[in-house]
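*Asks:* One structure is given below, represented as structure tokens, and several questions about it will come after.
Just so it is clear, none of the values below were taken in a lab; they were calculated from the coordinates. Quick caveat: nothing in here was measured; it's all calculated off a predicted structure. Neighbour counts are summed over all protein chains in view; Cβ atoms, including those assigned to glycine, are modelled from backbone coordinates with ideal geometry.
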Amino acid sequence: MSAILEDFTSIRGVSLIKIKEAKDEGQKVVGIYCTYCPQEMILAAGAIPVSLCGTSETPIADAETVLPRNLCPLIKSSYGFAVTDTCPFFHFSDLIIGETTCDGKKKMFEIMQEIKPVYVMQLPHLHQLDAALELWIKELRRLRSTLEEELDVEISDEKLWDAIRKVNHETMAVKAICDLNKKNPPVLNGLDLLTVTWSRNFSSDKEELFTMLNELQQELATNQESEANANKPRVLLTGCPVGLGSEKVIRLVEESGGLIVAMENCSGYKTLELQSDTELDDPIIALAQKYMEIPCSCMSPNPYRFELLERMLEEFQVDAVVDLTWQACHTYNIEAFTVGNLVRDKGLPYLHLESDYSSSDLETLKVRIEALLEMVV
Amino acid sequence: MLVVGLDIGSVAAKGIMLDRGKMHRAMIPTGWSPRDASEELINKLLKISGCKREQLDDIIVTGYGRIAVAGAGQVATEIKCHARAVAELYPQVRTIVDIGGQDSKVIRVNGEGRVIDFAMNDKCAAGTGRFLQIMANALGLDVSELGENENFSEMVSINSMCTVFAESEIIGLLARGTSKAGIIAGLHQSVGRRVAAMVRRIGIDGEIAFTGGVAKNPGVHRALEEELGCQLLIPEGCQFTGALGAALLGQNS
Ligand code: SF4
Ligand code: SF4
């Protein structure tokens, strides 16, 4: 593993120390769970946005004393960390921001409210409607004033534009790294790819992160060591988000001889083409437009996800697709029908998996994954 | 060319040896150790054929024990092996239904015998040999006796999909004096319905083959044909299909 890649594995640890120091100096921390949360607003408020999305099995048993067993593990894990106070990032958060994405999260946030202040944004789900964008713009304005009040700051347009530029740059830099995998052989395997795209959400310093991303991109672009990745079936992962801790499907694919070249989920490419339009007059509108475009399955209809997938299949020279649905995630589960048809129409093998964070189904997942890889000509 | 195909299943371990034109087969209970089972099978096949271990050109292993035995030879999934065997036995077949001890699967193949899609039952036992085994126990029968004991004209429908609930459902039915033969018919129908739903999800195209140990049960055979509305081709020695496919893959490589 290259030294820069290694730096990404330690982002979480390093940033924890920095966050603690920043808190001691009076800086605020805002916890976020989802890609719909406009982190630019938090940055513009002078606070640190941190990702809290649960990716570990450990706190699920505790979560199940309150939440139903038959619920998405991501929601249970997120709540479990909160209720057991075992996630330092949650611990340091002064405020949590949630969105009405799926039913499970929305209702979980109500209960989480008992542990910490959770501010929930109303995310409209019919995104092609004018009224939806209008509502979302209003919601962003409401967030702005709430943050100003809660954190006792003023969020100027100037600060917003500044934050918007930073996040635009970061997104472009991450995309440039992911795009290196369009090459054959790909430069990064799925686990390394995830290490970069997931760990960056824990960085407390956007400038430093931007430098790291660029350095890594340059190093990888000239790297000749990707021979180990040659001739392996190129697999695209889509569906629910994964992170380190819930990466078992990536691991199984790579242990079985395949290689995850790209991820069209929130841990990967889903948001990487989206940029806020800096030519507009109002930064709130620029943000609203960008975030409304995110192709999450909670949107109906969700055409951009299929456009994006179709393009990724070509550009990343994909040989097979794994579509992962976490248990009880209805929106991704149902959308899998359309994803499956799209992939099969391209003549590519498609595997839909339903799983949770436990290791109880490793064997049954493995045989399916091996059979998928056998289907690659 | 002398090759062995092993299918180390959850209940039974099956082996096929292809010795030029000849075929030998053997079956033993898997027991606790897939590794021991595979050794025993190989020795059995060598004995039947009168060949020596050194003469073996290749061993291909499939089935749930395939990983534990890895090292003995190459590994392939049951899905690929079934497709390979059926392409040999019935080239006209495009859909394969396999019901084994632990799982059931539906495989779509193209004209060259390549897998183009597949589905497997999820974590639960409904629609597998395991389901039938538990129900047979509750009825005081051996699973192999279910087929001959069914009476279709007395069929009562079993509504529970879940193994645990289905078990208490039939205990309740027995207590109310419902005929065993009718309950058995209902159980077969329930397996048939469950598996037929999986077949329709994958799509039917061309003829259908039915493989795996459960294909020997005439009741499930009947129920599945009824649910699908078409006839099924069942190979002789249906529980050896996976092992045969493994051996054929070995022959090709
Ligand atoms: S999948 Fe949807 S709900 Fe989940 S993090 Fe991504 S955008 Fe948010
Ligand atoms: S994976 Fe699905 S159910 Fe879980 S939080 Fe995301 S959208 Fe909700």
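*Asks:* Size of the dipole of segment B:92-234 about the Cα centre, Lys and Arg at +1 and Asp and Glu at -1 on the beta carbon, nothing else charged, in debye to 20? Working shown, then result.
*Replies:* Details: 14 positive and 17 negative charges, 61 e Å.
So the magnitude is around 300 debye.
*Asks:* Once you have a ≥ b ≥ c as the square roots of the Cα gyration tensor eigenvalues for segment A:184-338, tell me rounded if a/c is under 1.5, and otherwise prolate or oblate according to whether a/b is larger than b/c.
*Replies:* Details: a/c = 1.75, a/b = 1.15, b/c = 1.52.
Oblate, because a/c is 1.5 or more while a/b does not exceed b/c.
*Asks:* Still on this structure, please answer the following. Divide the volume of the convex hull of the Cα atoms of chain B by its number of residues and quote the answer in cubic angstrom per residue. Walk me through the numbers on the way to the answer.
*Replies:* Details: hull volume 30.0 nm³, N = 253.
Value for chain B: 119 Å³ per residue.
*Asks:* Between B:Arg53 and A:Leu348, with labels modelled 7 Å along Cα→Cβ, what's the label distance in nm to one decimal, could you check?
*Replies:* 4.6 nm
*Asks:* Still on this structure, I have one more. Using a Förster distance of 45 Å, how high is the FRET efficiency between A:Val376 and A:Glu134, based on the Cβ-Cβ distance and rounded to 0.05? If you can, show how the numbers build up before the last one.
*Replies:* Working: r = 46 Å, r/R0 = 1.03.
Plugging the Cβ-Cβ distance into 1/(1 + (r/R0)^6) gives 0.45.
*Asks:* Same structure, new question: Using only Cα atoms and rounding to the nearest 10 degrees, what angle (0 to 90) does helix B:241-252 make with the longest principal axis of chain B?
*Replies:* Once rounded, one gets 20 degrees.
*Asks:* If I histogram all Cα-Cα distances within segment B:4-59 using bins 5 Å wide from 0, what percent of pairs lands in each bin?
*Replies:* 4, 22, 34, 22, 13, 5, 0
*Asks:* Right, something else. If we count every other residue with Cβ under 11 angstrom of A:Ala328's Cβ, Lys/Arg +1 and Asp/Glu -1, where does the sum land?
*Replies:* Numbers: positive: A:Arg69, A:Lys76; negative: A:Asp103, A:Glu354, A:Asp356.
With Lys, Arg at +1 and Asp, Glu at -1, the net is -1.
*Asks:* Using a 10 Å cut-off on Cβ to Cβ distances, tally the other chain neighbours for every residue of A:368-377 and report the average as a whole number.
*Replies:* Working: counts 6, 1, 8, 11, 5, 1, 8, 9, 0, 1.
That average works out to 5.
*Asks:* Taking a cut-off of 19 Å, what percent of all Cα-Cα pairs in segment B:92-234 are separated by more than that? Don't jump to the answer; show the numbers that get you there.
*Replies:* On the way: 4745 of 10153 pairs.
More than 19 Å apart: 47 percent of the Cα pairs in segment B:92-234.
*Asks:* Give me the dipole magnitude in Debye, nearest 20, for the protein assembly as shown about the Cα centre, with unit charges on the beta carbon: positive for Lys and Arg, negative for Asp and Glu.
*Replies:* Working: 61 positive and 88 negative charges, 454 e Å.
Dipole magnitude for the protein assembly as shown comes out near 2180 debye.
*Asks:* What is the helix-to-structure angle for A:190-199, meaning the angle in degrees between its Cα long axis and the longest Cα principal axis of chain A, kept from 0 to 90 and rounded to the nearest 10?
*Replies:* 0 degrees
*Asks:* Over the residues of chain A, compute the C-alpha Rg and express it relative to 2.2 N^0.38 Å.
*Replies:* Working: Rg = 19.9 Å, N = 377, 2.2 N^0.38 = 21.0 Å.
Dividing the Cα radius of gyration by 2.2 N^0.38 Å gives 0.95.
*Asks:* Among A:Cys53, A:Val167, A:Thr197, flag the residue with its Cα farthest along the positive direction of the charge dipole of chain A, charges on Cβ as +1 for Lys/Arg and -1 for Asp/Glu.
*Replies:* Sorting the options by dipole projection puts first A:Cys53.
*Asks:* Which residues in segment B:96-136 place their backbone N less than 20 Å from a point set 7 Å from the Cα of B:Asp205 along the Cα-to-Cβ direction?
*Replies:* Within reach of a label on B:Asp205: B:96-98, B:105-120.
*Asks:* Using a 10 Å cut-off on Cβ atoms, rank the peptides A:92-99, A:273-280 from the highest mean neighbour count down.
*Replies:* Numbers: A:92-99: 22.1, A:273-280: 14.9.
Ranked by mean Cβ neighbours within 10 Å, highest first: A:92-99, A:273-280.
*Asks:* Something else now. Could you check the spin-label model distance between B:Ser160 and B:Asn137? Points 7 Å from the Cα along Cα→Cβ, value in nm.
*Replies:* Label at B:Ser160, label at B:Asn137, 1.4 nm between them.
*Asks:* Multiply the residue separation of B:Ser253 and B:Arg20 by 0.36 nm, subtract the distance between their alpha-carbon atoms, and state the gained length in nm to one decimal.
*Replies:* Details: separation 233, 0.36 × 233 = 83.88 nm, distance 1.48 nm.
This chain segment gains 82.4 nm when fully extended.
*Asks:* Under 21 Å Cα to Cα from A:Lys346, which lysines show up? Leave out anything in the same chain fewer than 8 places away.
*Replies:* A:Lys182, A:Lys183, A:Lys232, A:Lys270
*Asks:* Given a Förster radius of 35 Å and the C-beta distance between B:Cys124 and A:Glu293 as r, what FRET efficiency does 1/(1 + (r/R0)^6) yield to the nearest 0.05?
*Replies:* On the way: r = 39 Å, r/R0 = 1.12.
Working from the Cβ atoms, E equals 0.35.
*Asks:* Tell me, in nm to one decimal, what length is gained between A:Glu208 and A:Lys116 on full extension, where the rule is 0.36 nm per residue of separation less the Cα-Cα distance? If you can, show how the numbers build up before the last one.
*Replies:* Numbers: separation 92, 0.36 × 92 = 33.12 nm, distance 2.95 nm.
Length difference between fully extended and current span is 30.2 nm.
*Asks:* What nm distance separates the two modelled labels at A:Lys182 and A:Glu314, each placed 7 Å from Cα along Cα→Cβ?
*Replies:* 1.1 nm
*Asks:* Can you run phi through the Karplus equation (6.51, -1.76, 1.60; θ = phi - 60°) for segment A:323-331 and list ³J(HN,Hα) in whole Hz, with x for Gly and Pro?
*Replies:* Working through the residues one at a time gives 10, 9, 10, 6, 2, 6, 8, 5, 5 Hz.
*Asks:* For helix B:78-89, report the angle its Cα long axis makes with the longest principal axis of the Cα atoms of chain B; keep it between 0 and 90° and round to the nearest 10°.
*Replies:* 80 degrees
*Asks:* Here's another thing I want to ask about it. If one puts a single equal scatterer on every Cα of the protein assembly as shown and applies the Debye formula without solvent, what log₁₀ I(q)/I(0) results at q = 0.05, 0.09, 0.11, 0.12 Å⁻¹?
*Replies:* Listed by q, the Debye log ratios stand at -0.28, -0.82, -1.09, -1.21.
*Asks:* What's the average, rounded to a whole number, of partner chain beta-carbon atoms within 10 Å of each residue's beta-carbon in A:356-367? Display every interim value, and only then the final one.
*Replies:* On the way: counts 0, 0, 0, 0, 1, 2, 0, 3, 7, 0, 4, 11.
Shielding by partners across A:356-367 averages 2.
*Asks:* Further question on the same structure: If you take every DSSP beta bridge whose two residues both sit in the protein assembly as shown, what share of them, in percent to the nearest 5, is antiparallel? Please report the intermediate quantities before stating the final value.
*Replies:* Details: 25 of 66 bridges.
Rounded to the nearest five, the antiparallel share is 40 percent.
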